[in-house]
Every structure is written in C-alpha cells, then in structure tokens.
Amino acid sequence: MTAHTPNLPNSMAARDIAHVMHPYTNLVKHEVAGPLVIERGKGIYVYDDQGKEYIEGMAGLWCAGLGFSEAALVDAAIEQMRKLPYYHGFGHKTTAPVVELAEKLKSLSPVPVGKVFFAEGGSGANDTFIKLVWYYNNALGRPQKKTILSRVKGYHGVTVATASLTGLPANHRDFDLPIAGIKHVDCPHYYRFAEPGESEADFVARLARNLESFIQSEGPDTVAAFIAEPIMGAGGVVLPPEGYFPAIQAVLKKYDILSAADEVICGFGRTGKLWGAERFNYKPDFVTCAKQMSSAYLPISAVLVPEHVYSAIRDNSGKIGTFGHGFTYGGHPVAAAVALRALQIYEERDVYGHVNRISPRFLARLKRLADHPLVGEARGTGLIGAAELVADKATKRSFAPAAGVGAACMNFAQEEGLIIRAMAGDVIGFCPPMIITESEIDALFDRFERALARTEAWVAQQGLRSAA
Ligand SMILES: Cc1ncc(COP(=O)(O)O)c(C=O)c1O
C-alpha cells in the first residue's frame, strides 16, 4: 500500500485513520498503511494529495463512465439544485426530472417494461427487486413461490438481502448470511468450472441441466425468480459462454420463474452495447441499473418493472391501502437531472460508438497479458476485462489466498500510477472510463505491464509459486 503521511498527526491520512471506518478494506492493515487521499480528477485521471497522477483503470467502482471532470453533469446538478434541491415521490408527489428519466429508461429498456421504480444505489434496486417479486407472488395468491436464485460469484449488493444474493464468501462470512430463501446456482466461468475435455456447449448444457435439477429438488412451486449480471463484475469479470442465457432462460420459463438482469455494471455501454443483456442474448423480465446511469456523479438507481408484475402489485396496494416501500432519496431530483444529462451525453457524443471503436485496442492489449507467466486467463469485452493471476498456468493452480498476490499487483500498479482492482482469486479488473482514448489505453497497459513484471519478481523472490 502506498502510505501517505499517516504518521503526521494532523495529516488527512492520520485523521482518516482516527475517524473513518472504511468499506471493503482490511481494517487492521488500514490503521498501519493509511489511505490514499484522492483530491481531484480530470478526464480518466485522478490525483492524490501529493499531486501524483493515476489512471483510474476502474472508473472508480465501475461507474464514472464520463471520467472525473464532466462539466455538463456539474451544470445539470447546479441547475436542478437551484430550482428544487430535493423532493420525493411518496404520497402521489413527483418531479419533472424523475418523470423524464422514467420515460427515457423505458424507451431504452432492452425488454418492454411497464413502470420504473427509483432507488439510490445498486443494492437498493436489487433489494427492491426481491421485495417486488415477493409482494407480486403474495398478490397472486401463491405465497409459497418465494425462493430467489442467484449464482456463485454473482455480486448484487450489501444489504442483508442483496449480500445474500451475492455469491462471494467475504459477503457472507460472520455476517450470518445468506438469509433463508436465497439459493445459489452454478457460476458460468468456463475456464474455472468446466470439466476436463468438456466443450463450451457441453458446459452450458450441464449448467442448464443442473439448474433444472435444482429447481425440481427445491420444488418448482417454491422458486420465484432468478437474478444475474450479464457479466459478473466483482466476482472476477466472468463472461458467460456462448448460448448460456438462452439455455438458462428456457429452464426458467418452463417453471414460471421470473428473471432479472442486474445491469448495475454492464448497463449504458460498458460492453459495447447499451445493455449487457443485449450483448449476451438475455431477455429478462426485470432490469436493475445504477452506476453509469448518472456516470456516478450522484447516486441513483432504477428497477424496470414488467407491466404484468406492476399491475398485480398496483391492485394489491389498492387493497392494502398503500404500496409500503420507498426510499427518502429514491429518485432524488438532482440525481435524476444528472442521470438524464449523462444519458443524453452518451447519445450526443456517441459514447457507445466510441466504446466499440476503441474496444479492439483495449482487448488486444488485455489479451496480450495472457502471454505473461503469471496470467492464466485474460478475458473481456467492450471496455471491461480481467487478468486472472495463477501460480501454474498449465494446471490453473491459484496462489494461496494468504499470499496476497493480487493485492501486491494492485499496489505495484498504484506505485506505477494506475488504479485497478484486485478481486478474490487474484483476478485483476479493468474497467476504465468509457471516454478513454487509444493512447490512454496504451498508457494504462504499459503501466500495468510494469506492475506485472514487479509482481513476477516479487513472487519469485518470496518463493510463492512452490509455497502455493
Ligand atoms: C452488479 C452489481 N450489482 C449491485 C451492486 C451494488 O451497488 P451499490 O454498491 O450501489 O449498492 C454492484 C456494486 O458494485 C454491482 O456491481
């Protein structure tokens, strides 16, 4: 970790250590190493409080699609702030930015939807999805149909229910999760989970068969819905194999199980298509989205709700007297105005076309990493990718988790002026702002290759391959 003056008593770093509890951080290490204090941003770059420049190779948390200095979004926020800085949608109220954003999202949706429900973040949107499914099935008089299926290595958030959907050990361990009623099915990562000699088509067929047996063993009448990211993000940038979603959806349809595409990362151009679902031939009933919807300048998320689900929920709320769900800041008018402007900019400046034009360069540099002795698989599409570091390329043997090889690589990259993300299993993620240029892509991978060389030297020096 690049320490930044944590020892100076009044430094920002020292004050951070004293007062801030960090998300997704080793809290013991943090008190020694201190934070990286990010002070400002410009384009794809951010700068720390020592003035050092970093390429933000993850667009923050897969979200700042327009980079870190888009004046038009700032102007949209200021304009709405001046007019009406806050209002809500409870009890029949609304605001123009919310109505316009709902119209826009419906027009963009990859599948026909009836209504749009707004929340503040991806977790809130996915949590809402679960609640809508439960409420819907109660409204239809089938209270036993409640189980939600998600996948091993899927990531859907951190609330009690969405951390339960998430299929990653760190989100469950010692949090007493997952809760009952949420079950995990196979991860579609061919590189990791195919059997020896199994073709991609056979792998897909096996996953579909496994899903069907699982539904049968649970009892089809008890299984309500399935949620999946088109590309798994935090689980390690896992791309589904060809034909995966159609095969899985055929099973879901057979048992009247609703589906949701969690487009929180993939939505709005990340894969080179507007939606990840389009890229992978997934035709979900629901869509949840956030992050790039506002280029992350303000928090906002949405659930796109199919008409038949909405109408059952509407009728039930009429009987109960209210639809008892909603967030104080869900559909915040300033966030909605910024999201509307972001979606406009993506179209006006042909950002989606830009992603498609520069993606070949991104993928060429990414795939070149696979020649490195540490990289077992380099995978990606559009402007999202990952390099999976392994101890032995031939056997795909991973390093011992305690060796911290991915974290070491991330720290070397940081020293080289590149922010990337090390995920479980020593998978290094790349997800730069969508405005990145070809020469900036080269700079990103040049910095990463230097970090990888330093990681390789460190692995050898520590003897980590044999120790694994
Ligand atoms: C696919 C996906 N879904 C949901 C979430 C949760 O979003 P949030 O952190 O805004 O609650 C994330 C966050 O990274 C995500 O990647």
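Computed values, structure above
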quantity	calculated
Loop sites in the range 153-226: GluC sites (Glu not before Pro), DSSP, at most 14 other Cβ within 10 Å	E198
Whole-percent carbon and sulfur share, accessible surface of the range 80-187, 1.4 Å	60 percent
Approximate shape of the range 328-468 as ellipsoid semi-axes (Cα gyration tensor, √5λ), whole Å, largest first	34, 18, 13
Cross-link partners of K393 among lysines (Cα-Cα below 18 Å; sequence separation of 8 or more within a chain)	K367
The range 155-258 - Rg and Dmax from Cα coordinates, angstrom	14.1, 40
Accessible-area composition of the range 193-290, carbon plus sulfur, in percent [1.4 Å probe]	50 percent
Kirkwood Rh (inverse of mean 1/r, distinct Cα pairs), the range 375-430, angstrom	11.5 Å
Accessible area per residue in Å² at 1.4 Å probe, computed on the range 218-274	24 Å²
Residues whose placed amide H lies under 5 Å from that of V185, excluding near-sequence neighbours	S150, R151, V152
Cα centre as origin, Lys/Arg/Asp/Glu Cβ charges: the range 273-371 dipole, Debye	480 debye
Accessible-area order (highest first, 1.4 angstrom probe) of the listed residues Y135, Y24	Y24, Y135
Those lysines that a straight Cα-Cα span of less than 23 Å connects to K183, excepting residues fewer than 8 apart in one chain	K131, K145, K146, K153, K253, K254, K283
The range 48-160 shape via C-alpha gyration tensor axes, a/c threshold 1.5	oblate
Extent along principal axes [Cα atoms of the range 223-343; Å; largest to smallest]	45, 38, 21
Förster radius 35 Å - calculated FRET efficiency between D315 and Q216 (Cβ-Cβ, nearest 0.05)	0.65
Solvent-accessible heavy-atom area per residue, rounded to whole Å², over the range 1-91 at 1.4 Å	59 Å²
Lys, Arg +1 and Asp, Glu -1 on Cβ, resulting dipole of the chain about Cα centre, debye, nearest 20	660 debye
Accessible area per residue, Å², the range 293-443 with all protein chains present, probe 1.4 Å	37 Å²
Carbon and sulfur %, accessible surface of the range 373-468 computed with the full protein complex present, 1.4 Å	54 percent
Calculated diffusion of the range 14-84, Stokes-Einstein form, Kirkwood radius summed over Cα pairs, 25 °C and 0.890 mPa s, µm²/s	170 µm²/s
Gained length - R450 relative to A424, 0.36 nm times residue gap less alpha-carbon distance	7.2 nm
Cα centroid separation, the range 263-340 to the range 433-468 (Å)	36 Å
Label-point gap, in nm, between S466 and T322 - each point 7 angstrom along Cα→Cβ	6.8 nm
Reciprocal mean inverse distance between Cα atoms of the range 400-440 - Kirkwood radius, Å	11.2 Å
Within the chain, percent of DSSP bridges classed antiparallel, to nearest 5	65 percent
Euclidean distance of C-alpha centroids, the range 351-419 and the range 170-217, integer Å	24 Å
Lysine pairs with alpha-carbon atoms under 29 Å apart, the range 7-126, spacing 8 or more or separate chains	13
For the chain, the fraction of alpha-carbon pairs in successive 20 Å shells from zero, as %	23, 57, 19, 0
For E39, net neighbour charge (Lys/Arg +1, Asp/Glu -1) across residues whose Cβ lies under 15 Å away	-1
Intensity falloff of the range 282-395 expressed as log10 I(q)/I(0), Debye formula with alpha-carbon point scatterers, at q = 0.19 Å⁻¹	-1.07
Computed P(r) (all Cα pairs; the range 341-401; 5 Å bins; percent)	4, 18, 19, 15, 13, 10, 7, 7, 5, 1
Per-peptide average of other Cβ atoms within 10 Å, ordering 436-444, 170-178, 146-154 highest first	146-154, 436-444, 170-178
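The values are calculated or read from the model by the stated rules, or taken from the named source; none is laboratory data. The structure displayed is predicted, hence computed values, not measured ones. Cβ sites come from the backbone with ideal geometry, for glycine too, and all protein chains shown count toward neighbours. What goes into the accessible areas is simple: the full protein's heavy atoms, side chains included, and nothing from ligands, DNA or RNA. Shrake-Rupley method; radii C 1.70, N 1.55, O 1.52, S 1.80 Å.
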